[in-house]
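J.: Encoded as structure tokens, here's the structure I'll be asking about.
All of the numbers you see were taken from the coordinates with simple rules; none came from a lab. Remember, predicted model here, so these are calculated numbers, not experimental data. Don't worry about glycine lacking a Cβ; one is built from the backbone with ideal geometry, like all the others, and counts go over all protein chains shown.
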Amino acid sequence: MKEKVQKFGRFLSGMVMPNIGAFIAWGFIAAFFIPAGWFPNETINGMVGPMLQYLLPILIGYTGGKVVGGQKGAVTGALATLGAIAATDATMFIGAMICGPLGGWCIKKFDKAMEGHIPAGFEMVVNNFSVGIIGAVLAILSIYVIGPVCVVLTGILGSGVEFLVNHGLLPLTAVLVEPAKVLFLNNAINHGVFTPIGTEQAMEFGKSILFMIESNPGPGLGLLLAYCVAGKGETRSSAGAAAVIQFVGGIHEIYFPYVLMNPIVILGPMIGNICAIFTLSILGGGLVAAASPGSIIAEMLMTPRGGYIANVAGIGVGAVVSFLISAFLLKMFGKDASLEEAQAQVAASKAASKGQAVPAASGASVNAKDVRKIVFACDAGMGSSAMGATMVRNKLKDAGITDIEVIHYPVGEIPGDCQIVVTHHELSGRAAERAPQARIIPIKNFMGAPEYDVLVKELLEARKGGSAPAPAAAPAAAEEKPAGEQPILLEKKNIILNCKPVSPEEAIQAVGKLMVESGYVEESYIQGMLDREKSFSVAIGSHVAIPHGTEESRKAIKKTGLIVMTYPEGIEWGEDTVRLVVGIASTGEDHLGILGKIVEVAETEEDTDKLVDNASVDQLYKLLNGLE
């Protein structure tokens, strides 16, 4: 039940969070230029209403449709949302949260039904007309059904909030909000519930207290300051820096480990927030728009003219009350727990809230002596997982371990007889569902992950402790062909050196364009490559990125082929810097020989840098095709 609530909450907040910048822009314009603002301006104020009624709901609907049905789903969801907007003068945030995903779902179902039935050359016609027709039908449906229903729902929610305010019960929401934050449901509550209702209130009254219920940094500050006074050892010495990060940076997650070390201290921020909301209610506090992140800076920027005393008082009261109660609880009941263990608990909760497994070796208990099969899993099973499997296979061979089969699979096809699954941490949840019998080892990149050496050492020590079983024959898929037998999959024309820095998306598109021109893939494969990057980065470490499509996009592959592009100045690829980009389209296992060569010549960042700085087209052609 908890996982379902987290999943639903993530889905709601996932439609609003990417558009928070637009909400903030609306808040700034409203705060400065409405008649009661700092610099009243009739012309600029003319944007406030249309932004609220049209722009923000359509952005939410567009995002919700894209999450479910990709780009086509985004357009369909936006069209459906426009119908809900046309049905009423009320702000259609709830309608957008229904229409967006509905549009994405409808187009996704249509595409699946038409798969394999569209005549060649008619793909674009069918795609465009399907979006237009389905979007138009949903827009009309929204006018007569979804819009009116949402007006009723909005009225009920608004009445509920009004009831809480009129009866002085709004502070009790903190009883739910503070524990929910530690379970990483804060964004779901804040952006899925408070932001839509609060935005309507802000439009009507110029501010809303709902924006400060979850984002108030005072209660968390009080808890961390209590640890500075009443904490012990490492927790005491680290709490001061954490307090600055939480209060100024707005990163509330930093105080969650301190709650988990001593769960009873949750009463501090809980009661502190109750008092803060009560203070804000009495003094008329509130913000003009959502404060994201919940830092003192963001809170002050979103404070309306004449509201600073009330908001500062609410934040201050929350901090003081939380500090006093938390310090008392730490003195009376505090235990000398491990901050490292608590941080691991937070990581587990955060991973669970994202549908992941615990980001450490986890899953079923497996005796290292019994390990016979290790699976490397990635989204499509053709690129990063193959390279990781090659690296560990080589390390096991060097360690003299020959009885363990190391293979690679898509995460959705992990075999049920494996004992260990190594996968990207963002896929570990899916891996655990697919292989509950296995031990899951999440990693951040497939090239040179430190977990490899730890795993090999563990397996080696286990075999030294007992008699080693007879070696098992390695599977054909895992074997590399002798150099002379490897097919020529990398053509000289597809080795492009000294490319100028671009964005990751532009690099992927450049690779995809060459694949299309070489006849390796259909043009739709490029979108599959971009979708793969959106799900998690194809930068695999050691300054290497391997763009390839999702499992669903493999149907667009005509034949196996590779593209190599070097970027001597480097591409900022998420948290990594990439200098070697290897694009993959594979119908089978032929490409594994080249991936094995890349593992050999680009195992470390230094290896990759040397390769990029010195290799010529001829050298890369011979080296990666196994001709040298």
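J.: Tell me, what is the FRET efficiency for E606 and F333 to the nearest 0.05, using R0 = 56 angstrom and their Cβ-Cβ distance as r? The partial results should precede the final answer.
T.: Details: r = 52 Å, r/R0 = 0.92.
That pair, E606 with F333, gives E of 0.60.
J.: Compute the distance in nm between two label points, each set 7 Å from the Cα along the Cα-to-Cβ direction, one at L497 and one at K555.
T.: So the label points at L497 and K555 sit 4.1 nm apart.
J.: Also: Could you tally the net charge around L52, taking each other residue with its Cβ under 13 Å from the Cβ of L52, Lys/Arg +1 and Asp/Glu -1? Intermediate values should be presented prior to the final figure.
T.: Numbers: positive: none; negative: D89, E200, E204.
Neighbour charge sum, excluding L52 itself: -3.
J.: If packing is taken as the mean number of other Cβ atoms within 10 Å per residue, what is the order of 548-560, 201-213, 53-65, highest first?
T.: Numbers: 548-560: 19.5, 201-213: 22.8, 53-65: 24.9.
Per-residue Cβ counts within 10 Å, averaged per peptide and sorted highest first, yield 53-65, 201-213, 548-560.
J.: So, one more: Between T43 and F163, take the C-beta separation as r, use R0 = 35 Å, and let me know the FRET efficiency to the nearest 0.05. Intermediate results must be reported in sequence, preceding the final value.
T.: Numbers: r = 39 Å, r/R0 = 1.10.
For T43 and F163, the calculated efficiency is 0.35.
J.: Please give the length that would be gained between K397 and K513 if that part of the chain were fully extended, namely 0.36 nm times their separation in residues minus their C-alpha to C-alpha distance (nm, one decimal).
T.: Numbers: separation 116, 0.36 × 116 = 41.76 nm, distance 3.83 nm.
Between K397 and K513, full extension yields an extra 37.9 nm.
J.: Tally Lys/Arg at +1 and Asp/Glu at -1 over every other residue whose Cβ is under 10 Å from the Cβ of E569; what's the total? Each step should come with its number before you reach the end.
T.: Details: positive: K500, R579; negative: none.
Around E569, the surrounding residues sum to +2.
J.: How do the peptides 604-616, 86-98 rank, highest first, by the average count of neighbouring beta carbon atoms within 10 Å per residue? Each step should come with its number before you reach the end.
T.: Working: 604-616: 15.5, 86-98: 22.2.
In descending order of packing, they fall as 86-98, 604-616.
J.: Still on this structure: Of the cross-linked pairs K72/K109; K72/K108; K555/K622; K395/K464; K369/K397; K513/K622, which ones have a Cα-Cα span greater than 19 Å in the structure shown? It would help to have the intermediate numbers written out before the result.
T.: On the way: K72/K109 12 Å; K72/K108 9 Å; K555/K622 30 Å; K395/K464 16 Å; K369/K397 17 Å; K513/K622 23 Å.
Where the Cα-Cα span goes over 19 Å, the pairs concerned are K555/K622; K513/K622.
J.: Given labels modelled 7 Å from the Cα in the Cβ direction, how far is it in nm from L283 to E123?
T.: Those two pseudo-labels are separated by 6.0 nm.
J.: When Lys and Arg each count +1 and Asp and Glu each count -1, what net charge do the other residues less than 13 Å away from E458, Cβ to Cβ, add up to?
T.: +2
J.: When every alpha-carbon pair in segment 484-624 is counted, what percent end up more than 23 Å apart?
T.: Values: 2620 of 9870 pairs.
Value for segment 484-624 (Cα pairs over 23 Å): 27 percent.
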